[in-house]
Amino acid sequence: MISKQQFLIRQPAAPEETSTDQFYFDLCNHLVNISKEYNLFTSYPEKVIERCALALIGYYQDVICDAGIWRSFINENRRLYGFTVPFFSEDSEYVDYELNRSDVRFMVWYALSMNYENLRVRYPFDEEITYGADVWFNELERVYEDAPIPVDYRMASELEIHAEEDREAIFRLGSWLFLHCYLMTPAYALTLSEITSQYDLNTEEGILEMQKRLEISMSQDPTGPLALYLFEWLYLIVENKPAPEPKPEETTVEHKYYTAFTKATGGKTLQFFATYKEMNEFFIKALGWADGEEHLQQVKNDKDFVLMVDPQKGMLLARNIARCIASPENHLYDKEYASHHAMQLLTERGVCPADLLIYICKKDWLPDAVFPDTSDKEIVRKNWNFIARCFLQQYYRGD
């Protein structure tokens with residue numbers, strides 16, 4: 001069972017308890033009990049199901065009072081992609097900013113996937129997910145008209161980003177969004193795990209150091225299913241518009257690796273190499289690196305390399321992925337291999353550099369990427385950018 005403390009820490013008024021918290025706390029545990037009664041989500045540990053129920057009740061509270069978080073999410077989906085809810089947009093009965101079956105299905109897939117490493121990459125239309133989500137949706141719909149307006153959930157109401165008198169409230173909102181909000185925390189779970197693993201949390205010093213690192217993370221790391229930075233989420237929620245785009249740095253200086261690379265390849269910006277030896281010879285002959293040396297020895301035991309150059313950023317290297325890329329000029333492309341491994345480029349952090357991933361996906365050179373144990377290539381083709389944002393986070397959107 002979910003404890004009152006577990007529930008309250010996710011509420012905007014935490015650590016205080018409000019007059020409506022008991023209703024939603026009871027409803028959250030009711031969902032967990034239903035999952036046991038109906039044998040829902042049997043592939044997942046109970047703690048993961050509880051986290052999923054907590055996230056779903058957070059969404060439910062949001063739409064009950066139109067707190068603006070879910071509104072911002074679906075509005076940004078429409079701006080970025082032209083759809084409302086990832087994967088589940090084809091719903092003729094969808095009503096904006098209200099309780100929707102599509103929303104619940106997405107939230108269940110999202111919360112289960114982000115919180116359970118063993119089934120992290122799960123097909124959104126897997127029957128276990130959709131059936132369980134539908135049972136939970138029916139329960140939420142049953143009490144929808146009687147659910148009380150959650151106290152303090154509309155904490156963004158009437159705030160202004162740049163108003164001096166709202167500075168403290170904006171800071172409080174931002175802290176809650178990043179660390180406790182139902183929409184952000186599932187996607188941030190792996191980043192949080194990576195951070196906490198660096199410190200000894202059995203010591204006061206370790207806890208203090210971790211807290212400092214979390215403060216840095218709030219300003220530097222993206223979060224949520226769209227991997228937006230905190231200031232981007234705040235603009236969407238508080239101002240109801242996207243944050244201003246930063247001005248790109250203007251430079252006319254062409255990177256030396258780009259110049260040498262494209263000269264050697266006749267203008268091509270990508271090259272594929274089966275072995276380290278082949279790539280090292282390219283470094284020497286095409287880029288003019290020292291002859292007779294083994295360059296970048298840290299990748300000597302890898303294979304299936306991709307080199308890519310950019311006029312301003314220079315050259316990037318990816319390893320062990322060339323067989324997944326269906327470029328017409330990639331003689332290493334292996335359709336069978338790609339059908340089992342291409343999805344890793346979109347879902348496993350550090351496998352493929354973001355610039356390369358964006359380039360090949362825009363070229364439709366990742367046609368074999370599928371969720372495990374499915375053949376549904378179209379769902380990945382339509383949603384590749386969202387999938388990459390959701391799973392890769394700072395490895396996709398970071399500089």
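The values are calculated or read from the model by the stated rules, or taken from the named source; none is laboratory data. Fair warning: this is a prediction, and the values are worked out from it, not measured in the lab. Because the Cβ atoms are built from the backbone with ideal geometry, glycine has one as well, and the counts that use them run over all protein chains shown. To get the accessible areas, we keep the full protein, side chains included, count just its heavy atoms, and leave off ligands, DNA and RNA. Shrake-Rupley method; radii C 1.70, N 1.55, O 1.52, S 1.80 Å.
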The range 33-55 residues that are over 19 Å from residue 180 (Cβ atoms), paired with ones that are open to solvent by 60 Å² or more (accessible area, probe 1.4 Å) and of a type in the set (A, V, I, L, M, F, W, C) (beta carbon under 8 Å, 6 or more apart): none
Scan of the range 120-132 for residues that are in a helix (DSSP H, G or I), of a type outside the set (Asp, Glu) and either in contact with an Asp or Glu (Cβ under 8 Å, 6 or more places away or on another chain) or open to solvent by less than 50 Å² (accessible area, probe 1.4 Å) (or both), ordered by number: 129, 130, 132
From the options 190, 183, residue that is modelled with pLDDT of 95 or more and out of contact with any strand residue (DSSP E or B) (no Cβ under 8 Å at 6 or more places or on another chain): 183
Looking only at the range 193-212, and only at residues there that are in contact (Cβ under 8 Å) with a residue 12 or more places away in the chain and either of a type in the set (A, V, I, L, M, F, W, C) or in a loop (DSSP other than H, G, I, E, B) (or both), the one that is nearest to residue 396 (Cα to Cα): 195
Enumeration of residues in the range 365-382 that are open to solvent by less than 10 Å² (accessible area, probe 1.4 Å) and either under 16 Å from the mean Cα position of the chain (by Cα) or farther than 15 Å from residue 325 by Cα (or both): 371, 380
Breaking point among (1) over 30 Å from residue 315 (Cβ atoms); (2) small (Gly, Ala, Ser); (3) over 19 Å from the mean Cα position of the chain (by Cα), for residue 260: (1)
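Residue-by-condition table, conditions (1) open to solvent by 40 Å² or more (accessible area, probe 1.4 Å); (2) over 21 Å from residue 345 (Cα atoms); (3) among the polar types (S, T, N, Q):
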residue	(1), (2), (3)
114	no, no, no
134	no, yes, no
137	no, yes, no
141	yes, yes, no
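When you look at residue 328, is it at pLDDT 95 or above and either within 24 Å of residue 86 (Cα to Cα) or basic (Lys, Arg) (or both), yes or no? Give the steps one after another, and end with the answer.
Values: at pLDDT 95 or above: yes; either within 24 Å of residue 86 (Cα to Cα) or basic (Lys, Arg) (or both): no.
Here the answer is no, as residue 328 does not meet what is asked.
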Answer residue from the range 179-210, given it is polar (S, T, N, Q) and more than 29 Å from residue 107 (Cβ to Cβ) and is most open to solvent (accessible area, probe 1.4 Å) among those: 202
Complete set of residues in the range 1-33 that are assigned to a helix (DSSP H, G or I) and of a type in the set (Val, Ile, Thr): 32
Residues (within 21 Å of residue 129 (Cα to Cα), surrounded by fewer than 19 Cβ atoms within 10 Å (Cβ to Cβ) and hydrophobic (A, V, I, L, M, F, W, C)) located in the range 84-107: 99
Some residue of the range 62-71 being touching a residue at least 40 places away in the same chain (Cβ under 8 Å), open to solvent by less than 10 Å² (accessible area, probe 1.4 Å) and of a type in the set (Asp, Glu): yes
Qualifying positions in the range 143-156 - at pLDDT below 95 and either open to solvent by less than 20 Å² (accessible area, probe 1.4 Å) or in contact with a Leu (Cβ under 7 Å, 6 or more places away or on another chain) (or both): 153, 155, 156
Of all residues in the range 197-221 being closer than 19 Å to residue 176 by Cα and among the hydroxyl-bearing types (Ser, Thr, Tyr), the one that is farthest from the chain's Cα centre (by Cα): 219
Qualifying positions in the range 357-371 - in contact with a Phe, Trp or Tyr (Cβ under 9 Å, 6 or more places away or on another chain), within 19 Å of residue 305 (Cα to Cα) and part of a loop (DSSP other than H, G, I, E, B): 365, 366, 368, 369
Pick from the range 1-31, criterion over 12 Å from residue 50 (Cα atoms) and free of Cβ contacts under 8 Å to residues at least 24 places away in the same chain, ranking: least open to solvent (accessible area, probe 1.4 Å): 8
Residue count for the range 305-356, restricted to those that are in a strand (DSSP E or B) and free of Cβ contacts under 8 Å to residues at least 40 places away in the same chain: 3
Counted residues, the range 213-267 - those being surrounded by fewer than 20 Cβ atoms within 10 Å (Cβ to Cβ), of a type in the set (Ser, Thr, Tyr) and outside any helix (DSSP H, G or I): 2
